[in-house]
Amino acid sequence: MTFDPSHAARSFSSVGTRPIRPDGVDKVTGRARYGADFNMPGQLIGRILRSPHAHAVIRKIDTSKAEQLPGVKAVVTAADLPDLTNGDTSMYDILDNCMARRKALYDGHAVAAVAAIDAHTARQALKLIDVEYELLPHVTDVDQAFAADAPLINDTIITKGVDPKPDRASNVSMRSQFGHGDVDAGMAKADFVVERTFRTEQTHQGYIEPHACVANVSSDGTADLWVCTQGHFVYRQHCAQLLGLEASKLRVTSSEIGGGFGGKTHVWAEPVALALSRKAGRPVKLVMTRDEVFRATGPTSATSIDVKIGALKDGTIIAADATLRYSCGPYAGSWAEVGAMTAFACYKLENVRTVGYEVLVNRPKTAAYRAPSAPMAAFAVESAIDELAKKVGMDAVDFRIKNAAQEGTKASYGPVYGPIGIGPTLEAVKNHPHMKAPLGKNQGRGMACGFWFNFGGQTCTDLNIGMDGTVSLAVGTVDVGGSRASLSLVAAEELGIDYAQVRAVIADTSSLGYNDMTDGSRGTFSSSMATISAARNAIKILRARAAQMWDIPVEDVTWERGHAVAKGETHGNLPNLSLKEIAAASGTTGGPIAGHSEIVADGAGVSFATHICDIEVDPETGATKVLRYTVVQDAGKAVHPTYVEGQYQGGAAQGIGWALNEEYIYGKDGRLQNAGFLDYRIPVCSDLPMIDTQILEIPNPNHPYGVRGVGETSIVPPLAAVANAVSNAVGVRMEHIPMSPPRILAALEA
Amino acid sequence: MAGIAVSTTINGDQAEFLCHPDETLLEVLRERLGLMGVKEGCGTGDCGACSIILDDRLVCSCLVLGAEAEGRRIATVEGMAQGDKLHPLQQKFLEHAALQCGICTPGFLIAAKDLLAKNPDPTEEEIRFGLAGNLCRCTGYDKIVRAVQDAASVMRGA
C-alpha cells in the first residue's frame, strides 16, 4: 500500500490525537492479566533444573528419587523432547536451548524439569535429581572465544562465508561482509584517520515480567497455551514443531505482556511446560524466577569492534571500515551480520566495508534486544566519527550533516534510500536549544545518530461491525506498549467514526490467521496497514448495503465521515445513512458486516534518530550523572504521539543504562555473578532526568498514512551519545561500555 | 506442613487465610486470595512490582511472610479506585500514558500513593527518589513523574 499524498496536506481527525488507551483502566486497577496471572483447575507447578556449569557433558541424569517424592506428577529431560526438527538447525538450537541434550552449554542451561502439586514440592524435587557432569573447558569472553586456541564449544561449527571453506571447526559460525567502493584506496587519500577498537558488554532486555505460561495438553492431541510472548503465532509454530503437535490443535493465547524488547520472540520454557503437561495429564503453570530470566534468557551480544574512518580536509568521509565480533551464545546467530549492516547506515560513503563475525561463547543464547546489534555498532562508529570531526576541525553536528545519507544514497548495506530522516534529525538537533545551553565544570555534551531497518511481515486483521454500530478490531500482533490505542485510532480514522466506538483486542491463534510477532518495530506499522485494508473492505460492504437500502446502484454511493452518501442528480436528496443505521439493518440486508485483511506488510520505512546528552562526571568516584537528554526521531506519521514519545523515552533510558552501568559479569568459573536486579541494576527513577522528545514526520512512501515503525531506533544512539558526552567531559576517549565508575577512573588514570 | 491461621484486613475488608510458615505475603495475596494486581518481578525486593502498604508502611510483599500479616492492615492496587471512580493517581497515569506494558504500574501507584500521603507537594527530585525502589523498563520514568506531579496537584486541590 502506498502513501496517499493527499494525507500530506490533510488533517487527520483521529490519527495524531492522544486518547486514553483501551486497556488502560484494567492496567491501573490490577485487573489486567499477565503471564503469571492465570490459573487452570487442577494445575500443577512446573520448575526447571539448570546447569551450574558453563560447559559440561551430561553423563547421566537420575530422576528416580524425584519421581518418588509424593506430590511429583511428572519429571522430564531431553528424552521427553525428542528431536523432531528434521534438519532445521535453528529450531534444533531452540530445542537444545529449552532442554540440554548432550552438553550443558552455559550456566543456567536447562537439564531437567518437574511438575508437582505445589511450588514447594517442585523445588524439593529438583534437589533430588542427580546429574552427572563431565566438566569441559569453557570460554565466556568474545575475544578469547574468537582466538584460534580457544576451547571449542561446538565441534560441528565450520565458519560460513569464508572461501575456501575452513578445514576445521572453530567458535566462529559465520563471516559476513557488506560495502562498496575501494576502502584501501580511499583510506590512502585521507588527510585524517581515526582508528580504534571498542568493546561493549552483554546486557539483558530487563523486562519486569518474568517468562510465564500455563500449558494444558489433552490426551486427544489438542492443547492450549497461555503465555506472555511477543508473538503467539510464532510460539504456536515453535511448540507444535518441537512437541509434534498439529498447529491447528494448539491454541495459544497471548496474555498481557510485561515487557519483551525482543526477549520474548522465541520459546524458552513453553515446550517444557507442554511436555510436563503431556506427561502428567494435567495443566502445568511454569513461571521463571528472576535468577532464571538472567541466567537463561534474553541477553544481547557482547562485542569487540575495530573501526577505521578517514576524512579529507574539507570534512568528506573518504573511507570507512569496521570489523565487528559479536558473541551469540553457544549457538550460531546472525547478530554480527546485522551489526555490520547497520554500522555505517547513517552516512553517504564512497568507500565502505564492514565485516562481521559471529562468535560462540558459553553464555546464554543471544536474543534480539530492541534494534538488535545496532547500538554496539553505532557506539563504535559514532565515537570514531566524533573524534574524526575534532581532527578535521569541524563541529560534530556539522560534520555529520556534511556526510549524512540522503534520498538516493546507496546505503552501506546495499539498498538505495527513499525519503529518509537522518538529515532532518541532524538539522533539528543543530537548532535545538539543548545544543546551545551552557555546561558547567566536569560536564560534557555528546550527540550521536542511529539507524534501524524496521520490518513489515505477515499480518492478518479482522474488523467486525456489530449491529449497534460499534466496531471490534481483532489483531494478531501482540500489544507491547499501546498499539491497541493506535490501531483503534486508525480504524476510527478510516471508517470516519469515533475512537470510542472501536475496541481492539489481540485474538488468539485459533481465531485469526497467522501473524508474525511484534518485532522489528512492526506492531503499529503492519497492523495499521492491515486495519486500513480491512476497514476499506468493510466500507465496500457498507456502501453496497446502503445502495440496497436505497435501491440505487452501488457506484452512486460514497463513504464520507462515517456515512454512506448518495451521489448523483437523481438521488442527491436521500439523507445520508450512518454506519450505525446500516449496521442496524444488516440482519435484513445480507447479514453481518465485516472487513478482513491478510497481507505481507512490505515497505517498512527505514528509521533514523539523533540524540543529545549532557552528563556530569564526578572525578573522585568516576560516577556519571545524566543531566539532560533529548531525542529527535522520524516517525513517518505519529499515530498516537504520546506513545511514540514513550517509545523514544524508553529506548533512550535503556541505552543510558547500557552505556553507564548494565553488564553481565562472569567469574573465571564461567558462572554469572549478577543474576538479579540488585546487582545487575537497570536505571531507576532517580538516575534519570526528564527525556525530551521531538517527533519529525517524513512520510513513509509505502504506508497509506506515511507511518514508520518507531519502537527500536531510540536505543541505537544513546551508547554513543553518552560516551561522547563522557569523553568530552573527561578529555579521554571512552572505548569500553558500560562506562561504570571503575572504568572511568581507570581511563582518567591511564 | 501445618498451616498458620491468619486474620488480617485487606483494602478495608476482613480476610482470613491459612498459609505455610515459609510462604511470602506476595504468594498469599496472589495465589490464595486472588489479588493478582500485586505483581512479582523478582521475588527479592529489588523491583517494587509487589509493593503494598502494610499498616502505614510501604513494603515489598515478597519480603514479608504471610504469617506476619496477622492483625495488620494491607492496601493493594485493587483498593485504590472507589467503585468506578479511579484514584487521581490512576487517572493521571492513564492521561499521561505513564505506562506502556503496565506490569510495574500497580507497584508504582502504591508507592506514589504512599509518597503523596507523606509529602503532598513533592519536588521532582523527591518524586524521583521516592519512587526509586520501583523499576520500570518501558517508560524511562518521564511520564510517570509527570503523572505523579499532576495527581499531587489534583489531590491538593490546586
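What does the net charge come to around A:K279 if you take all other residues with beta carbon closer than 10 Å to its beta carbon, with K and R at +1 and D and E at -1? Walk me through the intermediate numbers first.
On the way: positive: A:K73, A:R278, A:R282; negative: A:D80.
Charge balance near A:K279 sits at +2.
Output wanted: per-residue J couplings in Hz (rounded whole) for segment B:15-24, from phi through Karplus 6.51 cos²θ - 1.76 cosθ + 1.60, θ = phi - 60°, x for Gly and Pro.
Result, ordered by residue: 9, 10, 8, 9, 9, 6, x, 9, 8, 7 Hz.
Please name which of B:S153, B:N119, B:G140 has its Cα lying farthest along the dipole of segment B:88-156 towards the positive end, using unit charges on Cβ (Lys, Arg +1; Asp, Glu -1) and the Cα centre as origin.
B:G140
Take peptide A:198-210, look around each residue's Cβ out to 10 angstrom, count Cβ atoms belonging to other protein chains, and average those counts. Mind dumping the intermediate values first?
Values: counts 0, 0, 0, 0, 0, 0, 1, 1, 3, 5, 18, 9, 5.
Mean shielding by partner chains, rounded to a whole number: 3.
Apply the a/c threshold of 1.5 to the C-alpha gyration tensor of segment A:480-575 and tell me whether it is rounded, prolate or oblate. Mind dumping the intermediate values first?
Values: a/c = 3.15, a/b = 2.46, b/c = 1.28.
It is prolate, given that a/c is not under 1.5 and a/b is the larger ratio.
So which of B:K39/B:K113; A:K313/A:K391; A:K60/A:K365 end up more than 20 Å apart, counting from Cα to Cα?
Working: B:K39/B:K113 17 Å; A:K313/A:K391 9 Å; A:K60/A:K365 23 Å.
Exceeds cut-off: A:K60/A:K365.
Determine the alpha carbon to alpha carbon distance for each of A:K348/A:K625; A:K264/B:K118; A:K264/B:K143; A:K436/B:K118 and list only those over 32 Å. Intermediate results must be reported in sequence, preceding the final value.
Details: A:K348/A:K625 34 Å; A:K264/B:K118 39 Å; A:K264/B:K143 25 Å; A:K436/B:K118 39 Å.
A:K348/A:K625; A:K264/B:K118; A:K436/B:K118, as the Cα separations exceed 32 Å there.
Ignoring ligands, DNA and RNA, what percent of the accessible area of segment B:88-156 is carbon or sulfur (1.4 Å)?
Details: 1050 of 2060 Å².
Carbon plus sulfur share of accessible area: 51 percent.
Which of A:S248, A:I45, A:M1 sits closest to the plus end of the dipole of the protein assembly as shown, meaning its Cα is farthest towards the positive end, when Lys and Arg get +1 and Asp and Glu get -1 on the C-beta?
A:S248
Considering only DSSP beta bridges with both partners in chain B, what is the antiparallel share in %, to the nearest 5? Intermediate results must be reported in sequence, preceding the final value.
Working: 15 of 17 bridges.
Of the beta bridges lying entirely in chain B, close to 90 percent run antiparallel.
Could you work out the mean count of beta carbons from other protein chains within 10 Å of each residue's beta carbon in A:30-36? The partial results should precede the final answer.
Working: counts 17, 4, 8, 1, 6, 1, 6.
The mean count of partner-chain Cβ atoms within 10 Å per residue comes to 6.
Do any GluC sites (Glu not before Pro) in segment A:608-679 lie in a loop, going by DSSP, with at most 16 other beta-carbon atoms within 10 Å of their beta carbon, and if so which?
Numbers: sites: A:E616, A:E620, A:E645, A:E662, A:E663; in loops: A:E620, A:E662, A:E663.
Sites meeting the loop and neighbour criteria: A:E620.
Can you give me the Cα centroid spacing of segment A:1-68 and segment A:167-215 in angstrom?
29
Rounded to the nearest 20 debye, what is the charge dipole size of the protein assembly as shown about its Cα centre when +1 sits on each Lys and Arg Cβ and -1 on each Asp and Glu Cβ?
Working: 85 positive and 103 negative charges, 34 e Å.
I would put it at about 160 debye.
So which trypsin sites (Lys or Arg not before Pro) in segment A:308-385 are both in a DSSP loop and have at most 14 other Cβ atoms within 10 Å of their Cβ? Working shown, then result.
Values: sites: A:K308, A:K313, A:R325, A:K348, A:R353, A:K365, A:R370; in loops: A:K313, A:K348, A:K365, A:R370.
Sparse-neighbourhood loop trypsin sites (Lys or Arg not before Pro): A:K313.
How many Å² of accessible area per residue for segment B:4-79, probe 1.4 Å?
Numbers: 3150 Å² over 76 residues.
For segment B:4-79, the per-residue accessible area is 41 Å².
Just the number please: accessible area per residue for chain A, 1.4 Å probe, all protein chains included, in Å². Please report the intermediate quantities before stating the final value.
Details: 25770 Å² over 750 residues.
That works out to 34 Å² for each residue.
Report, as an integer, the average count of C-beta atoms from other chains found within 10 Å of each Cβ along A:646-657.
Mean shielding by partner chains, rounded to a whole number: 4.
Which of A:A269, B:L54, A:I715 sits closest to the plus end of the dipole of the protein assembly as shown, meaning its Cα is farthest towards the positive end, when Lys and Arg get +1 and Asp and Glu get -1 on the C-beta?
Comparing the listed Cα positions along the dipole, A:A269 ranks first.
Give me the percent of the accessible area of segment B:4-79 that comes from carbon and sulfur atoms, probe 1.4 Å, all protein chains in place.
Numbers: 1550 of 3150 Å².
Result for segment B:4-79: 49 percent of the exposed heavy-atom area is carbon or sulfur.
Under the classification rounded if a/c is under 1.5, otherwise prolate if a/b is larger than b/c and oblate if not, where does the protein assembly as shown fall, given a ≥ b ≥ c as square roots of the Cα gyration tensor eigenvalues? Numbers along the way, then the final one.
Working: a/c = 1.31, a/b = 1.03, b/c = 1.28.
It is rounded, given that a/c, with a ≥ b ≥ c, falls under 1.5.
For segment B:90-138, which residues drop by 50 square angstrom or more in accessible area between the chain on its own and all protein chains together (1.4 Å probe)?
Listed in order, they are B:L94, B:L99, B:Q100, B:C101, B:I103, B:R128, B:L135, B:R137.
Run the accessible area of chain A with a 1.4 Å probe and give the carbon-and-sulfur part as a rounded percent. Mind showing how you got there, number by number?
On the way: 12900 of 25770 Å².
Ligands and nucleic acids excluded, carbon and sulfur reach 50 percent.
Placing +1 at every Lys and Arg Cβ and -1 at every Asp and Glu Cβ, with all other atoms neutral, what dipole size does segment B:30-158 have around its Cα centre, in debye to the nearest 20? Could you put the intermediate results ahead of the total?
Details: 15 positive and 17 negative charges, 36 e Å.
About 180 debye.
Please give the charge dipole size of segment A:241-378, origin at the Cα centre, charges +1 on K and R Cβ atoms and -1 on D and E Cβ atoms. Round to the nearest 20 debye.
Working: 17 positive and 11 negative charges, 123 e Å.
The dipole of segment A:241-378 has a size of about 600 debye.
Looking at segment B:16-59, which residues lose a minimum of 50 Å² of accessible area between their chain alone and all protein chains in place, measuring with a 1.4 Å probe and not counting ligands or nucleic acids?
At a threshold of 50 Å² (probe 1.4 Å), the residues of segment B:16-59 that become less exposed are B:M36, B:G41, B:D46.
Which loop trypsin sites (Lys or Arg not before Pro) in segment A:86-182, with loop taken from DSSP, have no more than 14 other Cβ atoms within 10 angstrom of their Cβ?
Details: sites: A:R101, A:R102, A:K103, A:R123, A:K127, A:K160, A:R168, A:R175; in loops: A:R101, A:R102, A:R168.
Sparse-neighbourhood loop trypsin sites (Lys or Arg not before Pro): A:R102, A:R168.
What does the net charge come to around A:F198 if you take all other residues with beta carbon closer than 13 Å to its beta carbon, with K and R at +1 and D and E at -1?
On the way: positive: A:R196, A:R199, A:K308, A:R325, A:R733, A:R743; negative: A:D143, A:E195, A:E201, A:D306, A:E382, A:D386, A:E387, A:E735.
Net of charged neighbours comes to -2.
Could you please report the charge total around A:A119, scoring K, R as +1 and D, E as -1 over all other residues with beta-carbon less than 10 angstrom from its beta-carbon?
-1
Quick one: check the C-alpha center-to-center distance for segment A:482-513 versus segment A:375-451, whole angstrom.
Here the answer is 37 Å between Cα centres.
So if I take the centroid of the Cα atoms in segment B:100-135 and the same for segment A:674-724, what is the distance between those two points in Å?
22
Just to be sure I understand: if you take the accessible area of chain B alone plus chain A alone and subtract the pair, with a 1.4 Å probe, what total do you get in Å², rounded to 100? Each step should come with its number before you reach the end.
Working: alone 8270 and 27720 Å², together 31980 Å².
Interface area, both chains combined: 4000 Å², rounded to the nearest 100.
In Å², and per residue, what accessible area does segment B:88-156 have when probed at 1.4 Å with the other protein chains present?
Working: 2060 Å² over 69 residues.
With the other protein chains kept in place, segment B:88-156 gives 30 Å² per residue.
Would you work out if segment A:619-732 is rounded, prolate or oblate? Take a ≥ b ≥ c from the square roots of the eigenvalues of the alpha-carbon gyration tensor; rounded if a/c is under 1.5, else prolate when a/b is larger than b/c, oblate otherwise.
On the way: a/c = 2.51, a/b = 1.77, b/c = 1.42.
It is prolate, given that a/c is not under 1.5 and a/b is the larger ratio.
Using protein chains only (no ligands, no nucleic acids) and a 1.4 Å probe, work out which residues of segment A:12-27 have their accessible area cut by at least 50 Å² relative to the chain alone.
SASA drop of 50 Å² or more in segment A:12-27: A:I20, A:K27.
The values are calculated or read from the model by the stated rules, or taken from the named source; none is laboratory data. Computed from a prediction, not measured in an experiment: that's the story for all the values here. We place every Cβ from the backbone using ideal geometry, glycine too, and count neighbours over all the protein chains shown. Note: areas computed on protein heavy atoms with side chains; ligands, DNA, RNA excluded. Shrake-Rupley method; radii C 1.70, N 1.55, O 1.52, S 1.80 Å.
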